[in-house]
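Before any comments, here is the structure.
The values are calculated or read from the model by the stated rules, or taken from the named source; none is laboratory data. These numbers come from a predicted model, not from an experiment. A quick note on method: Cβ atoms are made from the backbone with ideal geometry, for glycine too, and the neighbour counts reach across all protein chains shown. Just the protein is used for accessible areas: all its heavy atoms, side chains included, with ligands, DNA and RNA removed. Shrake-Rupley method; radii C 1.70, N 1.55, O 1.52, S 1.80 Å.
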Amino acid sequence: QAKSAGRNALSFFDPEMQVRLQARARLEADLRLALPRDELRLHFQPQVDEGGAVCGVEALLRWQHPERGMVSPAAFIPLAEENRLIVPIGHWVIEAACRQLAAWAGDPRTALLTVSVNVSPRQFRDPGFVERVLAAVEASGAPPGRLKLEVTESLFLEERDEARDKMLRLRERGITFALDDFGTGYSSLSYLKRLPLDQLKIDQSFVRDLLEDEASMAIVASIIALSHSLKLEVVAEGVESEAQRAWLVAHGCRAFQGYLFGRPVPLEALALDA
Ligand code: C2E
Ligand code: MG
Ligand code: MG
Ligand code: MG
């Protein structure tokens, strides 16, 4: 193979790799059409308080592909981040979430619900991000205090001052922030006191192993204690069993999200009176 390489550079490619690259290129081409073809949907997963009442929802993106069926965000968000499609896609999510908030604002049974929206670092770093979020809130008439943006620790690895500045500008207008997948990133904890955060979300990997693993118990107990002392809300993600819920309650956690309370579902299937 090495001998022919000079004549034919393609022989460097392993055929399996080539198949993967082609599949990826097709997925990418399809993803570019997802917005114009109206193939994106939002699903909503309830977040509940200690008494089981729904206090908010997380908006989770779904791609209804004409041939592949429902594509999971794990399969296309990383791709959208690489090719910057996450900027228009992420904005579509924020607009859809704002429209939902505005629709709920008129009914006393839903007016206090929050909608949490995941924001990827690439989208957050886009120069027009703050203005576009504020424009979406204003155009929809959504109450800004009910919109919660979920960011991850990776956002604070670089450009901390810039990220902080953007957060402060949105916070000034009432928009709140959750730190998603908390405990899985690499950042130091010092940013917790510098950034205008409202909520920590305990990553589901810790919750999953909670009752079998001493280290997970110690980590979760510490995150709950930390959030209390920093006066941040804390939400446990990925709660699937009553035993996990009971442990979390006993350790001071007051808000939960997970299959135990409801899977992400289309709006029509969302049960708000749990
Ligand atoms: P995430 O923000 O941490 O969302 C929670 C994920 O955990 C969701 O997966 C949800 O369906 C799943 N989940 C919730 N409860 C349970 C449970 O009890 N057990 C288990 N095993 N899983 C549970 P999903 O919807 O597949 O989303 C995966 C990730 O994709 C999200 O993780 C988020 O990082 C990203 N994502 C989803 N929608 C968006 C979006 O609109 N924008 C961006 N940038 N990222 C998004
Ligand atoms: Mg999230
Ligand atoms: Mg998460
Ligand atoms: Mg995640």
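The table below lists the values:
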{"quantity": "When residues of the stretch 230-243 are limited to those that are of a type outside the set (Ser, Thr, Tyr) and more than 15 Å from ligand 2 (Cβ to nearest atom), the one surrounded by the most Cβ atoms within 10 Å (Cβ to Cβ)", "calculated": "LEU232"}
{"quantity": "Checklist (1) within 16 Å of ligand 2 (Cβ to nearest atom); (2) under 24 Å from LEU267 (Cβ atoms); (3) touching an Asp or Glu at 6+ places or on another chain (Cβ under 7 Å) applied to ALA136, failing item", "calculated": "(1)"}
{"quantity": "Cross-chain or 6+ apart pairs with Cβ under 6 Å, the stretch 202-224 first and over 21 Å from GLU150 (Cβ atoms), then hydroxyl-bearing (Ser, Thr, Tyr) and more than 13 Å from ligand 4 (Cβ to nearest atom)", "calculated": "ASP209/SER216; LEU210/SER216"}
{"quantity": "Any hit, the stretch 112-129, residues being assigned to a helix (DSSP H, G or I), under 18 Å from LEU168 (Cβ atoms), basic (Lys, Arg) and under 18 Å from the mean Cα position of the chain (by Cα)", "calculated": "yes"}
{"quantity": "Subset of the stretch 244-253 (residues that are on the phi < 0 side of the Ramachandran plot and either in contact with a helix residue (DSSP H, G or I) (Cβ under 9 Å, 6 or more places away or on another chain) or surrounded by 18 or more Cβ atoms within 10 Å (Cβ to Cβ) (or both))", "calculated": "GLN244, ARG245, TRP247, LEU248, HIS251, CYS253"}
{"quantity": "Test: residue in the stretch 222-229 that is more than 16 Å from ligand 3 (Cβ to nearest atom), among the aliphatic types (A, V, I, L, M) and open to solvent by 70 Å² or more (accessible area, probe 1.4 Å)", "calculated": "no"}
{"quantity": "Condition broken by TYR186, with the remaining ones in (1) within 15 Å of ligand 1 (Cβ to nearest atom); (2) outside any helix (DSSP H, G or I); (3) open to solvent by 30 Å² or more (accessible area, probe 1.4 Å) satisfied", "calculated": "(1)"}
{"quantity": "Yes/no for LEU179 being within 15 Å of ligand 4 (Cβ to nearest atom), at pLDDT 95 or above, open to solvent by less than 40 Å² (accessible area, probe 1.4 Å) and among the aliphatic types (A, V, I, L, M)", "calculated": "yes"}
{"quantity": "Breaking point among (1) part of a helix (DSSP H, G or I); (2) under 14 Å from ASP49 (Cα atoms), for VAL235", "calculated": "(1)"}
{"quantity": "Sole exception among (1) away from ligand 4 (no atom under 16 Å from the Cβ); (2) open to solvent by 40 Å² or more (accessible area, probe 1.4 Å) for LEU170, by number", "calculated": "(2)"}
{"quantity": "Where a residue in the stretch 98-111 is among the hydroxyl-bearing types (Ser, Thr, Tyr) and its partner, wherever it lies, is in a helix (DSSP H, G or I) and open to solvent by less than 30 Å² (accessible area, probe 1.4 Å), with Cβ under 7 Å and at least six apart", "calculated": "THR110/TRP104"}
{"quantity": "First in the stretch 243-266 and more than 26 Å from TRP63 (Cα to Cα), second anywhere and within 13 Å of ligand 1 (Cβ to nearest atom) and open to solvent by 40 Å² or more (accessible area, probe 1.4 Å), Cβ under 8 Å, 6 or more apart", "calculated": "GLN244/LEU260; ARG245/LEU260"}
